[in-house]
1. Could you grab me the full set of residues in segment 52-94 that are under 14 Å from the mean Cα position of the chain (by Cα), at negative phi and not charged (D, E, K, R)?
2. Mind checking which helices (runs of 4 or more DSSP H) fall wholly inside segment 130-178 and carry at least 3 residues that are modelled with pLDDT under 85 and surrounded by 10 or more Cβ atoms within 10 Å (Cβ to Cβ)?
3. Checking the structure you have, find out if any residue of segment 46-63 is buried (at least 19 other Cβ atoms within 10 Å of the Cβ), in contact with a helix residue (DSSP H, G or I) (Cβ under 8 Å, 6 or more places away or on another chain), in contact (Cβ under 8 Å) with a residue 40 or more places away in the chain and part of a loop (DSSP other than H, G, I, E, B).
4. What is the residue count in segment 76-92 for residues that are outside any loop (DSSP other than H, G, I, E, B) and not β-branched (Val, Ile, Thr)?
5. I'd like the residue in segment 16-34 that is within 18 Å of the chain's Cα centre (by Cα) and not hydroxyl-bearing (Ser, Thr, Tyr) and, out of all such residues, is nearest to LYS129 (Cα to Cα).
6. If you take the residues in segment 109-126 that are out of contact with any strand residue (DSSP E or B) (no Cβ under 9 Å at 6 or more places or on another chain) and not in a loop (DSSP other than H, G, I, E, B), which one is surrounded by the fewest Cβ atoms within 10 Å (Cβ to Cβ)?
Amino acid sequence: MALFDYFIEKDYFLVGGHVPFSSATYEKFKNNRYFITVLRDPVDRFLSEFSNNQHKSTYSGINMSLKEFIDSEEAVNYGARYCEYFCGKTEYNGPTGDMISYAIKNLSCFSVVGLMDNMHQFSFDLKAKIGVQAKFAKENVSKKSIKDKMSAVDSLTLKKIQVLCAPDMEIYTAIRDN
């Protein structure tokens, strides 16, 4: 967080990244900075992250099949990324009801929260709420769409993924329906 705060203090127009929410950072900058984020359907995000990390030779690499992976501890983490990133707690030990509530509360502090499946609305909200005009192109697009990937996943595996993603789905649904 220190590096993130450093860049915010330098008064850059935009500071971004996969950065966990910090209540201290929010309190420090909430009066003169906008906090924005984009959420993706949790099951789509889970499958995309798995696909992106499968067979990578990095710290996040996964060298197992999806069926093997969904029974791993890391799969539990994949299903609760929003909980982990937005709960605002440095001591995160899994997706409890309190952590889910904290994440929803913290996301409600953001100036704009977009949904990846409706980037047109996100663009509209950016303009309406903070005066920024933005157009979004698709990046990091894999050769296979999420729909193609999901159609290749059997129903039992998909059901397990949905159960794993339940904490993030609760957060996503709360934001989407608000």
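The values are calculated or read from the model by the stated rules, or taken from the named source; none is laboratory data. Since the model is a prediction, treat every value here as computed from it, not as a measurement. Note that each Cβ is placed from the backbone with ideal geometry, even for glycine, and that neighbours are counted across all protein chains shown.
1. ASN77, TYR78, GLY79, ALA80, TYR82, CYS83, TYR85, PHE86, CYS87
2. Details: elements: 146-151, 155-164, 166-176.
Result: 146-151.
3. No; the residues of segment 46-63 include none that is buried (at least 19 other Cβ atoms within 10 Å of the Cβ), in contact with a helix residue (DSSP H, G or I) (Cβ under 8 Å, 6 or more places away or on another chain), in contact (Cβ under 8 Å) with a residue 40 or more places away in the chain and part of a loop (DSSP other than H, G, I, E, B).
4. Applying the first criterion (outside any loop (DSSP other than H, G, I, E, B)) to segment 76-92 yields 76-78, 81-86.
Okay, now just the ones that are also not β-branched (Val, Ile, Thr), so 77-78, 81-86.
Residues in segment 76-92 being outside any loop (DSSP other than H, G, I, E, B) and not β-branched (Val, Ile, Thr): 8 in total.
5. The extreme case among them is GLY16.
6. The selected residue is HIS120.
Table: residues versus (1) touching a strand residue (DSSP E or B) at 6+ places or on another chain (Cβ under 8 Å); (2) at pLDDT 90 or above; (3) over 22 Å from CYS165 (Cα atoms).
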position	(1), (2), (3)
LEU3	no, no, yes
VAL19	no, no, no
PRO42	no, yes, no
ASN77	no, yes, no
ASN93	no, no, no
TYR102	no, yes, no
LYS105	no, yes, no
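Residue by residue, here is whether (1) touching a Phe, Trp or Tyr at 6+ places or on another chain (Cβ under 8 Å); (2) closer than 14 Å to ASP168 by Cβ; (3) of a type in the set (Val, Ile, Thr); (4) at pLDDT 95 or above holds:
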{"residue": "ARG33", "(1), (2), (3), (4)": "no, no, no, no"}
{"residue": "SER57", "(1), (2), (3), (4)": "no, no, no, no"}
{"residue": "ASP71", "(1), (2), (3), (4)": "no, no, no, yes"}
{"residue": "PHE86", "(1), (2), (3), (4)": "yes, yes, no, yes"}
